[in-house]
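Worksheet: the structure to be examined is printed underneath.
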Amino acid sequence: MSGPEPGGRLLGGVHGYLRWYLREISGAGRYQRYLDSCRAEGRTPLSRAAYERARVDHRERHPQGRCC
Amino acid sequence: MAMSNPSGPSPSSNRRSAGSGQPGRGRPPGARGTDPKQAALWVVVALVGATCWSVLALARGEEISVLWILFAALCSYAIAYRFYSKFIAYRVLGVDDTRATPAERLRNGHDFEPTDKRVLFGHHFAAVAGAGPLVGPVLAAQMGYLPGTIWIVVGVILAGAVQDMVVLFFSLRRDGRSLGQMVRDEIGVVGGYAAMIGVFSIMIILLAVLALVVVNALAESPWGVFSIGLTIPIALFMGWYLRYLRPGRVLEVTGIGVALLLLSIAGGSYVEEMGIESALTLSPETLTFLLIGYGFFASVLPVWMLLTPRDYLSTFMKVGVIVLLAVGLLLAAPTLSAPAVSDFATSGTGPVFAGKLFPFVFITIACGALSGFHALISSGTTPKMIEKESHIRAIGYGGMLMESFVAISALMAACVIDQGLYFAMNSPAGATGGTPEAAAEFVRTLGFTISPADLTAAAASIEESSLISRTGGAPTLAFGMSLIFTEAFGGGLAAFWYHFAIMFEALFILTAVDAGTRVGRFMLQDSVGNVWRRYGDTSWKPASWSASAVVVGLWGGMLYVGVTDPLGGINQLFPLFGIANQLLAAIALTLCTTLLVKHGKARWAWVPGIGLAWDLVVTLTASWQKVFSDDPKIGYFQQAQVFRDARDAGEVLAPATDAAQMDQVITNSMLNGTLQATFAILVVLVVLNAAWVCVRTLRNGGTAPTTEVPKVESQLVLTGGRS
């Protein structure tokens, strides 16, 4: 994850905020957090492709409605 | 469990975290005293809002800028959010940030995942806001700008946003249970089954009406068909890219997808030069069958191929266009062409939809003011991702305020259009006759003036063959947006902006159709799976294909009925859709009221109760009129009777042109009337069941056991963002 560390320095600025927000809302930052949690727990992480497939497979089984 | 930081770039200011002496249950943060600067700020906001509302209330017969509406709405939202939502969150519901949310307790990296408040706000907003808040206000503009404005703003503050937030809270306290499950658990089996059937059938109507809007926008529009058709290969390409080429690079592929989308819109102006204009000039019936086929395949294909990438495109386009519209309105600051209140408000003879201001404005504008469908999202994915209970305020209440702002923007876009053109576009083909001359004459009988040449010129300005009877709201909104964008940004790009807006609306709707068909399929498989276990296996092809076919067949059938209805599909089906959506809201608000009573908070039952009472009065009055009115323009059964009598006497009543169309009107009206009556009965069942539960609770000491999950102390420390 390219975002700042917890409680880290103030990046501020619209650009940094937007960059972070777009990464988070698109889910692009989730893999890095997954890697972090695997590292912390001593687990072997899935590859990026396998991780994304697992996420899509979950979505396949749990459809989310879109409102009118 | 400590949560890994969501990596926000913002400072850790004013942050409350579990176990650090933060305000406990029922006590808002920072409630120590009144800051004079804050108080002065809110006085200014209130004064600006009051001034704008006064101008809107007092101005008659003079030119009014849309900015008065814009700021009246924004100031009202700000005050409601700051004071009313805070009151509901802390005093009524008693949000407690020391209590672990389902996302924290049941975290699994998939659906249960603590998510930053601002990010979840985006997800929630993308899920709740669709074409509804864009279409309803456009149709309601036939009553003038004021009724719609008041309902959108007051409705969202007292009903819609309250529903979204309170349902979200109760679902949050029940591990993210769905609306149907909560009704069954907390109200009773009768109410539960009624709600389940209601949710499924209302979803079918919703999909049919949304699809009808797309069909009406794309019929006889080769440019539109070209651009929208290309979204399918673009989405397939994006799906392949994410699956095989660059997994997880969502932003990258969405950027490519949006660029391709814009190219496809620009390319649409060359359909004539490419020699494919006639091949892409499709009738409404052809488009209906294409859409039915599309819906089926989208539902059975793996989600990564079509649904997920389309969702990305739709979300980014949605937010982008809404921002663009807000900026456009500010820069162009157009004046309103519509009157404050039109004569149709009291006569009830408007051509866009039949009936008087009460109750029909309140059901025509559902999304944007009060939308029952939001309760499904608020009790679906969102509660499983909330980090802290207090976040329901920003996500539930704030998300709905945002949708309301979209609805206000759409209303303004419709109200800047010349009134003659507005009614020529939105009256059914049976009334306008389909030609510029006949349409101009029809519009003259309504009391407006537009020449045939002006009608032709308006269509030519956006490179369409005709704008007459382009019902459904989408073309009108697109035309209004093209006027605003052209005024705001210049460049003479009216045709591009029109098709850009059509593309954006169609993209929303097709995403809702994809996702809705899939959700409907899962609901059906789940229900049948109770008696035939194998059928409930969503990966078993015979079940998934047949369930998809049933769902698509149901909404496709309704769509076909609407498309071929001689009386005009939107005119006939939109009231049914609006009432159905708000009847679902009645179920959701009934649940909220019942739960407050069961939790021993009967004194606060008025909070969802205000919205519930108004919603029941509106929807049941509208249902009653649609079923029992002896005015054939309003009552479905009376309409059927008039056409039946005429048919038996060997006559053909306009707008039907032959005996077959007479039969069609009779069948459609009977079907619509039956559906309308069924929805109302289902809701009355839920309300009666709930009333019994409330009375029993109050008699037994004022509380009753609920399925609320016991409190577990939160260990989640939020460090990365602003509160």
* Could you tell me whether B:Val563 is in a helix (DSSP H, G or I), closer than 11 Å to B:Ala208 by Cβ, open to solvent by 10 Å² or more (accessible area, probe 1.4 Å) and out of contact with any strand residue (DSSP E or B) (no Cβ under 7 Å at 6 or more places or on another chain)? => yes
* Among the helices (runs of 4 or more DSSP H) contained in segment B:367-474, which hold 1 or more residues that are over 30 Å from A:Cys67 (Cβ atoms) and touching a helix residue (DSSP H, G or I) at 6+ places or on another chain (Cβ under 7 Å)? -> B:419-426, B:429-432, B:436-446, B:452-461
* Structure fact -> Filtering segment B:448-478 down to residues that are at pLDDT below 95, among the small types (Gly, Ala, Ser) and open to solvent by 50 Å² or more (accessible area, probe 1.4 Å) yields B:Ser465
* Selected residue [part of a loop (DSSP other than H, G, I, E, B) and either hydrophobic (A, V, I, L, M, F, W, C) or more than 21 Å from B:Ala140 (Cβ to Cβ) (or both)] from B:Pro309, B:Pro339, B:Pro302 -> B:Pro302
* Got at least one residue in segment B:477-495 being aliphatic (A, V, I, L, M), more than 29 Å from the chain's Cα centre (by Cα) and under 29 Å from B:Ser264 (Cβ atoms)? -> no
* **Filter result for the condition that a residue is in a helix (DSSP H, G or I) and crowded, with 21+ Cβ neighbours inside 10 Å, over B:Val213, B:Val190** => B:Val213
* Asked: Which numbered condition trips up B:Thr149, out of (1) under 19 Å from A:Pro63 (Cα atoms); (2) out of contact with any strand residue (DSSP E or B) (no Cβ under 7 Å at 6 or more places or on another chain)?
  -> (1)
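Output the residue which, of all residues in segment B:242-290 that are among the aliphatic types (A, V, I, L, M) and outside any helix (DSSP H, G or I), is nearest to the other protein chains (Cβ to nearest Cβ).
B:Leu282
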* For B:Asn672, are the conditions met, namely being touching a residue at least 40 places away in the same chain (Cβ under 8 Å) and more than 30 Å from B:Arg393 (Cβ to Cβ)? -> yes
* **Candidate set: segment B:227-241, residues that are surrounded by 23 or more Cβ atoms within 10 Å (Cβ to Cβ) and hydrophobic (A, V, I, L, M, F, W, C); chosen: the one nearest to the other protein chains (Cβ to nearest Cβ)** => B:Met238
* Structure fact -> Scanning segment A:41-68 residue by residue, the ones that are more than 8 Å from chain B (Cβ to nearest Cβ) and not hydroxyl-bearing (Ser, Thr, Tyr) total 8
* Asked: Applying the selection to segment B:521-547, what residues are more than 23 Å from B:Ala195 (Cα to Cα), within 11 Å of chain A (Cβ to nearest Cβ) and surrounded by 15 or more Cβ atoms within 10 Å (Cβ to Cβ)?
  -> B:Ser544
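The rows are residues; the columns are (1) under 17 Å from B:Val154 (Cα atoms); (2) within 14 Å of chain A (Cβ to nearest Cβ); (3) not acidic (Asp, Glu).
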position	(1), (2), (3)
B:Glu62	no, no, no
B:Trp68	yes, no, yes
B:Ser76	yes, no, yes
B:Ile79	yes, no, yes
B:Phe83	yes, no, yes
B:Ile88	yes, no, yes
B:Val95	no, no, yes
B:Pro102	no, no, yes
B:Asn108	no, yes, yes
* **Residue in segment B:366-380 that is within 13 Å of another protein chain (Cβ to nearest Cβ), open to solvent by 20 Å² or more (accessible area, probe 1.4 Å), under 23 Å from B:Ala586 (Cβ atoms) and among the hydrophobic types (A, V, I, L, M, F, W, C) present** => yes
* To do: Can you give me the number of residues within segment B:686-722 that are open to solvent by 70 Å² or more (accessible area, probe 1.4 Å) and under 20 Å from B:Thr590 (Cβ atoms)?
  => 8
* Structure fact -> When restricted to B:Lys388, B:Lys356, the only residue of a type in the set (D, E, K, R) and either open to solvent by 10 Å² or more (accessible area, probe 1.4 Å) or at pLDDT below 95 (or both) is B:Lys356
* Please indicate, with yes or no, whether at least one residue in segment B:219-226 is open to solvent by 60 Å² or more (accessible area, probe 1.4 Å) and either over 30 Å from B:Val686 (Cβ atoms) or of a type in the set (S, T, N, Q) (or both). => yes
* B:Ser20 of a type outside the set (A, V, I, L, M), touching a Lys or Arg at 6+ places or on another chain (Cβ under 9 Å), modelled with pLDDT under 95 and surrounded by fewer than 18 Cβ atoms within 10 Å (Cβ to Cβ) -> no
* To do: Check B:Tyr422 against each of (1) open to solvent by 20 Å² or more (accessible area, probe 1.4 Å); (2) touching a residue at least 60 places away in the same chain (Cβ under 8 Å); (3) of a type outside the set (Gly, Ala, Ser) and name the one condition it does not meet.
  => (1)
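Scan segment A:12-36 for residues that are exposed (fewer than 14 other Cβ atoms within 10 Å of the Cβ) and within 24 Å of B:Leu242 (Cβ to Cβ) and jot them down.
A:Leu18
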* Asked: Quick check: anything in segment B:308-317 open to solvent by less than 10 Å² (accessible area, probe 1.4 Å), of a type in the set (Gly, Ala, Ser) and either within 30 Å of B:Ala103 (Cα to Cα) or touching a residue at least 24 places away in the same chain (Cβ under 8 Å) (or both)?
  -> yes
* To do: Being aliphatic (A, V, I, L, M) and part of a loop (DSSP other than H, G, I, E, B) narrows it down to one of B:Leu653, B:Leu685, B:Leu698, so name that one.
  => B:Leu653
* Scan of segment B:297-329 for residues that are under 20 Å from A:Ala54 (Cα atoms) and out of contact with any Asp or Glu (no Cβ under 9 Å at 6 or more places or on another chain), ordered by number -> B:Val300, B:Leu301, B:Met305, B:Thr308, B:Pro309, B:Tyr312
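The values are calculated or read from the model by the stated rules, or taken from the named source; none is laboratory data. Note that the structure is a prediction, hence the values are computed from the model and not measured. Ideal geometry is used to build each Cβ from the backbone, glycine not excepted, and the neighbour counts take in all protein chains shown. Heads up: the accessible areas ignore ligands, DNA and RNA and are worked out on the full protein's heavy atoms, side chains in. Shrake-Rupley method; radii C 1.70, N 1.55, O 1.52, S 1.80 Å.
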